[in-house]
Amino acid sequence: MRRALALVLLIVGLGGCGLGSGSAKTGGVSLTVSRNFGAERLGHFDRSKVPGGETVMRLLQRDFEVQTRYGGGFVQEVDGIAGGRRSGRPVDWFFYVNGLEASQGAASRRITPGDRIWWDHHDWGAAMRVPAVVGSFPEPFKSGSEGKRFPTRIDCARDSAASCEEVRKRLDIAGVKVGGSSSIGQDAGPDTLRIVVGRWPEVRADPAVRLIERGPAVSGVFARFDRPGTRLDLLEPRGRVLSRLGAGTGLVAATRLSDQQPTWVVTGTDAVGVAAAAAAINEDRLRDHFALAIENGRGVSLPPPAVTP
């Protein structure tokens, strides 16, 4: 229990729950609350305006019954669903803004126009951190983080030109401007969002993408390719292999390397899988998914539910 508390305090942080002053901000803001890695949506609200100085915590409290601890900076319970342990496993509330795991407490994180806030209650035993998720697309590409927008770059494998162009078109439809492109493995610096596109044996040359091979405890992605890249193992919330997918499998996921902005990966076991993943870059397909595998054209949310022993 002490370990769980230390982790939550590290991620969520402490702070007051003040509203702050100022006039209402214009620009759409959305709030989604779910459980089990987005598998069960508990509520969703869109607001065209929010009060000046509005925080993530206060926005949550406007629409849900919230119990807090430690000075109001830690969400303990939302609508009766509490953090703690479930079936012997650690569970808690975590929040993401524009698809990025929060780096500060909800009571101190102020909202900016365009923000998509997502609270999820889930098991964190296999992954203490999930640094980035894909379920808030077209964020973070459209609005960035804390009011700062970042350039977007597509890193394309040599044999994946068609899929790279598909990703570019889908970003354009979503209102995202792509600033350029590069080959796999080129350094991006701390202020560039990247989408890496290609078959797994090629994209794994990228240091950020290669984190996925080390499992969810490192990457936050509940899927892992075998060394040849011909098979994708789907991992349930405890980190165990639930199923294995072969030819034609695609994956859309996001992770983050040290102080860089998130790196999205659009990949697959082969060209068919990469094309299927590229076709999934769509707000409706990605909504409420931490990551998405594609099997025979069908989306499989990651992580898939655990099987009770």
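Within segment 101-135, how many residues are under 23 Å from GLY52 (Cβ atoms) and assigned to a strand (DSSP E or B)?
Final tally of qualifying residues: 5.
Of the numbered conditions (1) open to solvent by 10 Å² or more (accessible area, probe 1.4 Å); (2) aromatic (Phe, Trp, Tyr); (3) under 15 Å from the mean Cα position of the chain (by Cα), TRP264 fails exactly one; give the number of that condition.
With respect to (1) open to solvent by 10 Å² or more (accessible area, probe 1.4 Å); (2) aromatic (Phe, Trp, Tyr); (3) under 15 Å from the mean Cα position of the chain (by Cα), TRP264 is out only on (1).
Which of the residues belonging to segment 206-220 are touching a Leu at 6+ places or on another chain (Cβ under 7 Å) and in contact (Cβ under 8 Å) with a residue 24 or more places away in the chain?
Hits for segment 206-220 are PRO207, ALA208, LEU211, PRO216, SER219.
Restricting to segment 227-237, name every residue that is in a loop (DSSP other than H, G, I, E, B) and either at pLDDT 95 or above or touching a Ser or Thr at 6+ places or on another chain (Cβ under 7 Å) (or both).
GLY229, THR230, ARG231, GLU236, PRO237
Kindly establish whether ASP115 is buried (at least 19 other Cβ atoms within 10 Å of the Cβ) and either closer than 24 Å to PRO237 by Cβ or within 19 Å of the chain's Cα centre (by Cα) (or both).
yes
From VAL272, VAL241, VAL300, VAL266, which residue is over 19 Å from THR32 (Cβ atoms), of a type outside the set (S, T, N, Q) and out of contact with any strand residue (DSSP E or B) (no Cβ under 6 Å at 6 or more places or on another chain)?
VAL272
Please verify whether ILE212 is in contact with a strand residue (DSSP E or B) (Cβ under 8 Å, 6 or more places away or on another chain), outside any strand (DSSP E or B) and either within 30 Å of ASP123 (Cα to Cα) or among the β-branched types (Val, Ile, Thr) (or both), treating the condition exactly as stated.
yes
Given the residues ASP159, ASP123, which is the only one that is touching a Pro at 6+ places or on another chain (Cβ under 9 Å) and open to solvent by 10 Å² or more (accessible area, probe 1.4 Å)?
Going through ASP159, ASP123 in turn, the sole match is ASP123.
GLY53 - would you say it is assigned to a loop (DSSP other than H, G, I, E, B) and farther than 22 Å from SER136 by Cβ?
Here the answer is yes, as GLY53 does meet what is asked.
Condition check ((1) open to solvent by less than 70 Å² (accessible area, probe 1.4 Å); (2) free of Cβ contacts under 8 Å to residues at least 60 places away in the same chain) across all residues:
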residue	(1), (2)
SER30	yes, no
VAL33	yes, no
PHE45	no, yes
GLY52	yes, yes
LEU59	yes, yes
THR68	yes, yes
GLU77	yes, yes
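Scan ALA247, ALA279, ALA253 and give me the residue that is modelled with pLDDT of 95 or more, surrounded by fewer than 22 Cβ atoms within 10 Å (Cβ to Cβ) and touching a strand residue (DSSP E or B) at 6+ places or on another chain (Cβ under 9 Å).
ALA279
The values are calculated or read from the model by the stated rules, or taken from the named source; none is laboratory data. All figures in this text were calculated on a predicted structure; none of them were measured in a lab. Here the Cβ is made from the backbone with ideal geometry for all residues, glycine too, and neighbour counts use every protein chain on show. The area values use the complete protein model at the heavy-atom level, side chains included, leaving out ligands, DNA and RNA. Shrake-Rupley method; radii C 1.70, N 1.55, O 1.52, S 1.80 Å.
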